[in-house]
Amino acid sequence: MTTPTTAPTRVLLTGFQPFGGESTNPSWDAVRAAAAAPLDGVELHIAELPCVYGGSITALRATIAEIHPDVVVCVGQAGGRPDITVERVALNVDDARIPDNAGAEPIDEPIVPGGPAAYFATLPIKACVAAVRAAGLPASVSNTAGTFVCNHVFYGLAHLIATELPQLRGGFVHVPYAPEQVIDRAQPSLPVAAVAAALREIVATAARTRTDLRVAEGATH
Ligand code: PCA
C-alpha cells in the first residue's frame, strides 16, 4: 500500500538587486540563503528582480509564467526598519525618492492607469508575523510598502492576481539592512541568516495557511 501524498505547494520567492548606491541587497542574499535547504511541503523557486520601475513587473510576470507558482512572496530591503515587515497593502502610485537602477524617477504616476487605488496582500499576513515571532525574530505588519520599486512590484503582482490569476496568492515582505551595510551609520540591522530563517517561516506559513489569524496588528504607520 502506498501512503497518500499531497503535492508540495509551489512557492516563488523573489529578492531585489542592490540599489541606491549599496553593493548588496539583503533581500536577495536572504532569499538565496532561505532556499539553501529543503522546506517540508514546499517546492521553492527563487528569482532576483531588477530594481527598476516597469522592468521589475515584466521580470516577475515572466518568472510566474515559467514556474506557475501557487504562492509568490516578493522580498525587498527597507533600510531603517528594525524588523521583518509583512506588507498589508499595495498602492497604485509610483513616487520615487531616489532614481531606480535605470535612472527613472516617476512622480505621482499610477502603476496601472485606471486600476484600483490599492490591493491587499492575499497571504495570511498575521499568521506569517506570528510564525516569525515564534521563531524568536522580530516582525510586524506594515501598512505601507512605500512608493518605490517594492510597492510597484507588489501592486503589479496583486493586479496580476486580481485580473488574470485568481488561484495565485501573493504578498510582499520588507527586511532591514544587513549589519555590514550600517557599520558607519546609526541604523537598525538584522543578520542575513536571521532574515533567511524568517523568510522560511513566512514561506511555510503562506504555503499551508489560507485563513489568517484574527489578532490585532493595527498601527499608526
Ligand atoms: N527595496 C526598494 C526597492 C528594492 C528594494 O529592495 C523598496 O523598498 O522599494
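The values are calculated or read from the model by the stated rules, or taken from the named source; none is laboratory data. Quick caveat, the model's predicted, so the values are computed rather than measured. Here the Cβ is made from the backbone with ideal geometry for all residues, glycine too, and neighbour counts use every protein chain on show. Each accessible area value is taken on the protein alone, full model and side chains, heavy atoms only, with ligands, DNA and RNA left out. Shrake-Rupley method; radii C 1.70, N 1.55, O 1.52, S 1.80 Å.
Could you please find all residues in the stretch 110-156 being in contact (Cβ under 8 Å) with a residue 12 or more places away in the chain, open to solvent by 30 Å² or more (accessible area, probe 1.4 Å), closer than 9 Å to ASN92 by Cα and more than 15 Å from the ligand (Cβ to nearest atom)?
Correct list: PRO110, VAL112, PRO116, ALA117, ALA118, TYR119.
If only one of VAL182, VAL153, VAL192, VAL129 is modelled with pLDDT of 95 or more, among the aliphatic types (A, V, I, L, M) and under 12 Å from the mean Cα position of the chain (by Cα), which one is it? Full working, then the answer.
Working: VAL182 fails: under 12 Å from the mean Cα position of the chain (by Cα); VAL192 fails: under 12 Å from the mean Cα position of the chain (by Cα); VAL129 fails: under 12 Å from the mean Cα position of the chain (by Cα).
Result: VAL153 is the single residue among VAL182, VAL153, VAL192, VAL129 that is modelled with pLDDT of 95 or more, among the aliphatic types (A, V, I, L, M) and under 12 Å from the mean Cα position of the chain (by Cα).
Look at VAL31 and say whether it is closer than 18 Å to HIS174 by Cα, crowded, with 21+ Cβ neighbours inside 10 Å, away from the ligand (no atom under 14 Å from the Cβ) and touching a residue at least 24 places away in the same chain (Cβ under 8 Å).
no
What are the residue pairs meeting all of these: first residue in the stretch 64-91, first residue at positive phi, second residue open to solvent by 60 Å² or more (accessible area, probe 1.4 Å) and more than 15 Å from the ligand (Cβ to nearest atom), Cβ atoms under 9 Å, and 6 or more apart or on different chains?
Going by the 9 Å Cβ cut-off, the qualifying pairs are HIS68/ARG10.
Going through the stretch 100-109 one residue at a time, which ones are within 13 Å of VAL52 (Cα to Cα) and either charged (D, E, K, R) or exposed (fewer than 15 other Cβ atoms within 10 Å of the Cβ) (or both)? Lay out the reasoning, then the answer.
At the first step, the residues of the stretch 100-109 found to be within 13 Å of VAL52 (Cα to Cα) are 100-106.
ASP100, ALA102, GLY103, GLU105 - these are the residues of the stretch 100-109 that are within 13 Å of VAL52 (Cα to Cα) and either charged (D, E, K, R) or exposed (fewer than 15 other Cβ atoms within 10 Å of the Cβ) (or both).
What about THR58, is it open to solvent by less than 50 Å² (accessible area, probe 1.4 Å) and among the hydroxyl-bearing types (Ser, Thr, Tyr)?
Numbers: open to solvent by less than 50 Å² (accessible area, probe 1.4 Å): no; among the hydroxyl-bearing types (Ser, Thr, Tyr): yes.
Considered against the rule, which asks whether it is open to solvent by less than 50 Å² (accessible area, probe 1.4 Å) and among the hydroxyl-bearing types (Ser, Thr, Tyr), THR58 comes out as no.
Being part of a strand (DSSP E or B), within 27 Å of ARG10 (Cα to Cα) and among the hydroxyl-bearing types (Ser, Thr, Tyr) is the requirement here; does THR85 meet it?
Judged against the criteria, THR85 is a match.
Among the numbered criteria (1) within 16 Å of the ligand (Cβ to nearest atom); (2) of a type in the set (Ser, Thr, Tyr); (3) open to solvent by less than 10 Å² (accessible area, probe 1.4 Å), which one does SER189 miss?
(3)
Residues checked against (1) part of a strand (DSSP E or B); (2) at pLDDT 95 or above; (3) under 30 Å from LYS126 (Cβ atoms):
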residue	(1), (2), (3)
HIS45	yes, yes, yes
ILE57	no, yes, yes
ALA90	yes, yes, yes
ALA104	no, yes, no
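Considering only residues that are within 12 Å of the ligand (Cβ to nearest atom) and assigned to a loop (DSSP other than H, G, I, E, B), which ones fall in the stretch 73-82? Explain how you work it out, then say what you get.
Filtering the stretch 73-82 for residues within 12 Å of the ligand (Cβ to nearest atom) gives 74-81.
Listed by number, the residues that qualify are ALA78, GLY79, GLY80, ARG81.
Would you pick out the residues in the stretch 162-179 that are crowded, with 20+ Cβ neighbours inside 10 Å and farther than 22 Å from ARG32 by Cβ?
Once the filter is applied, which keeps residues that are crowded, with 20+ Cβ neighbours inside 10 Å and farther than 22 Å from ARG32 by Cβ, the stretch 162-179 yields only ARG169.
Search the stretch 158-172 for residues being under 20 Å from VAL141 (Cα atoms) and touching a helix residue (DSSP H, G or I) at 6+ places or on another chain (Cβ under 6 Å), and hand back the single one that is farthest from the ligand (Cβ to nearest atom).
Among residues in the stretch 158-172 that are under 20 Å from VAL141 (Cα atoms) and touching a helix residue (DSSP H, G or I) at 6+ places or on another chain (Cβ under 6 Å), the one farthest from the ligand (Cβ to nearest atom) is GLY170.
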